[in-house]
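Student: First the structure, which I've put down as structure tokens, then a few questions once you've had a look.
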Amino acid sequence: MTGTTAIDADEARRLRDAMTDKIVKLGPATSPQIEAAFRTVPRHAFARPGTRLEECYHGDIVRNKKDSDGVTLSSISAAWLQARMIAQAGIGPGARVLEIGTTGYNAAVIAEVAGPDGHVITVDIDPEVSGWAAAALQATGYGDRVTVVTGDGEHGAPGHGPFDAIIATAGAWDIPPAWLAQLAGSGALVVPLRLNGVTRSIGFRKDHGHLASTSAYTCGFVPMQGAGARPETFYRVPSPGGGHITLRFEDGAPARPPLPGDILAGDPAEAWSGLTIADLTPWSDLYLWLAGFQPGFCRLDQAGDPQLAGGGPVMKTGWYPFAIARDGTLSYLTVRNLPDGSGVEFGALAYGHHADAAATTLMGHLHAWDARGRDLPEDAFMYWPDGTTPPLPDELLSIFRKRHGTATITWPAQRTARTPAKGPGPPQPAPDSRASATSAGA
């Protein structure tokens, strides 16, 4: 697809090896077969025409197709994430694999891992994208090991299964019945599952009628198109300083704008939790907690907005992409650096008539997550197809209603929370540890 007339093969090899070295160092390449596959498949051959060689091998996303508004429609995912998802699927020699969404590159890497006795079926709804992929696979020698199908991935690949592994490379709001029907009994499903706007690449296995997770990683993907698409609801709020913010609701969208148009005209309320986290320590599961337990949870985008994104407390503490918008009040997380430089302290900013109460409520969720969610295990995720019923366990449960079933997160048992060094007062109580908590889903 690059369409370049002069590719330096030695330079491509050097860049490919350097990219693979980074993957190995990060840890996703958990087998010699995965490492060898990334050293073998020419990533540049699957990039859009004119893509620089260095861009193909920096290891990050390579955007192959955009719409008229610049929104990415098809991309080669980050190499480390592709390696991790292949490892999640446990693909071995001779495996028959279905890939949902294609550029051709990931399918070729999977084919290398599966070996000459394996086969990959890769499906994409966009005929232009599937055509590019088929041509690139043929040109790179994978045409007989990978079959490209143009069709809606919601239906899988009828007539080609059963599959030892199914890997979705588009953000899926739900798990369609066709994937479960086409997955072998002992097979693995790896899906970037959207949970009220927060996405995790979850490795699932069948377990007595439902799916149980074996691994989960933070990720982001272009959303599914076709029958499996889940439209978002958007509300735009202007800023007095110019520009605007956009609230993006995936589940539980309000029927009317949840915020007044002048909400950003005043100064925000500010609260600090006393809860700290060391540098380079993951804490993205905090957003999963809020997605499951806090009504009004939404994604927050900003454009040209000096008041909210660049001024006041936020300038000192950074910008975060999720918020709570409900009852005329906007609140969101922030952090500030610790004096000794060892990490950050969590806080909240809030706008609106009930800003102080909203900031305090967010502090309560921070303390509840600190006590229950900092160590979310890999087996915490389950998916219950229609006709099955999630049990009501003693542990705290987040519930996400879907079109074809229900996704759940079981949070760890209560532990002794860290004693805050300072804070706005006693935190709000955590949700009842013996009750189910249902997100504002469809």
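The values are calculated or read from the model by the stated rules, or taken from the named source; none is laboratory data. For clarity, every value in this text was computed on a predicted model and none was experimentally measured. With ideal geometry, Cβ positions are generated from the backbone for all residues, glycine too; neighbour counts draw on all protein chains shown. For accessibility, only protein heavy atoms count, side chains too; no ligands or nucleic acids. Shrake-Rupley method; radii C 1.70, N 1.55, O 1.52, S 1.80 Å.
Student: Can you list residues from other chains, or at least 5 along the same chain, whose modelled amide H is less than 5 Å from the amide H of A47?
Tutor: For A47, the qualifying residues are T2.
Student: Taking the Cα centre of the stretch 112-156 as the origin, how large is its charge dipole in debye, to the nearest 20, when only Lys and Arg (+1) and Asp and Glu (-1) carry charge on their Cβ atoms?
Tutor: Value, rounded to 20: 180 debye.
Student: Charges at C-beta only: +1 for Lys and Arg, -1 for Asp and Glu. How large is the resulting dipole of the stretch 90-206 about its Cα centre, in Debye rounded to 20?
Tutor: 420 debye
Student: With a 1.4 Å probe and all protein chains kept in place, how much accessible area does L53 have, in Å² rounded to the nearest 10?
Tutor: 30 Å²
Student: Heavy-atom accessible area per residue, the stretch 68-174, 1.4 Å probe: how many Å²?
Tutor: 33 Å²
Student: What nm value, rounded to one decimal, do you get for the distance between A36 and A255 when each label is placed 7 Å out toward the C-beta?
Tutor: 6.1 nm
Student: Now, a different point. If amide H atoms are built 1.01 Å from N in the plane of the peptide, which residues on other chains or at least 5 residues away come under 5 Å of the amide H of L396?
Tutor: Amide H to amide H, under 5 Å and 5 or more residues apart or across chains, L396 pairs with W411.
Student: Can you give the accessible area of L338, probe radius 1.4 Å, in Å² rounded to 10?
Tutor: 40 Å²
Student: Right, here's the next one. Kindly list the residues of the stretch 141-157 that lie in the label zone of I7, defined by a backbone N under 16 Å from the point 7 Å along the Cα-to-C-beta vector.
Tutor: 141-143
Student: In nm, what is the difference between 0.36 nm times the number of residues separating Q138 and A212 and their Cα-Cα distance?
Tutor: 23.0 nm
Student: A further question follows. Run the quick spin-label model on L26 and A227: label points 7 Å from Cα toward the beta carbon, then report their separation in nm to one decimal.
Tutor: That separation, rounded to one decimal, is 3.4 nm.
Student: As an exercise, use a Förster radius of 25 Å and the Cβ-Cβ distance of S284 and E378 to find the FRET efficiency, rounded to the nearest 0.05.
Tutor: The calculated FRET efficiency here is 0.95.
Student: Along Cα→Cβ, 7 Å out, is where each label goes; now give me the distance between the ones at D60 and A184 in nm to one decimal.
Tutor: Simple spin-label model gives 3.8 nm for this pair.
Student: Quick one: ranking F346, F234, F322 by accessible area, 1.4 Å probe, largest first, what do you get?
Tutor: Of F346, F234, F322, the descending order of accessible area is F234, F322, F346.
Student: Continuing with the same structure: Please list, in order along the stretch 153-158, the HN-Hα scalar couplings obtained from phi with the Karplus expression 6.51 cos²θ - 1.76 cosθ + 1.60 (θ = phi - 60°), rounded to whole Hz, x for Gly and Pro.
Tutor: Result, rounded to whole Hz: x, 4, 9, x, 9, x.
Student: Step through the residues of the stretch 374-381 one at a time and calculate ³J(HN,Hα) from phi using the Karplus curve (6.51 cos²θ - 1.76 cosθ + 1.60, θ = phi - 60°), rounding each to whole Hz and writing x for Gly and Pro.
Tutor: Ordered by residue, 3J(HN,Hα) equals 5, 10, 5, x, 5, 9, 7, 9 Hz.
Student: How large is the accessible surface of H404 in square angstrom, using a 1.4 angstrom probe and rounding to the nearest 10?
Tutor: For H404, solvent-accessible area is about 50 Å².
Student: A further question on this structure: HN-Hα J couplings of the stretch 80-93 from phi, Karplus 6.51/-1.76/1.60, θ = phi - 60°, integer Hz, Gly and Pro as x?
Tutor: Running phi through 6.51 cos²θ - 1.76 cosθ + 1.60 with θ = phi - 60° gives 4, 6, 4, 4, 5, 5, 5, 5, 4, 6, x, 5, x, x Hz.
Student: If amide H atoms are built 1.01 Å from N in the plane of the peptide, which residues on other chains or at least 5 residues away come under 5 Å of the amide H of T334?
Tutor: G347, A348, L349
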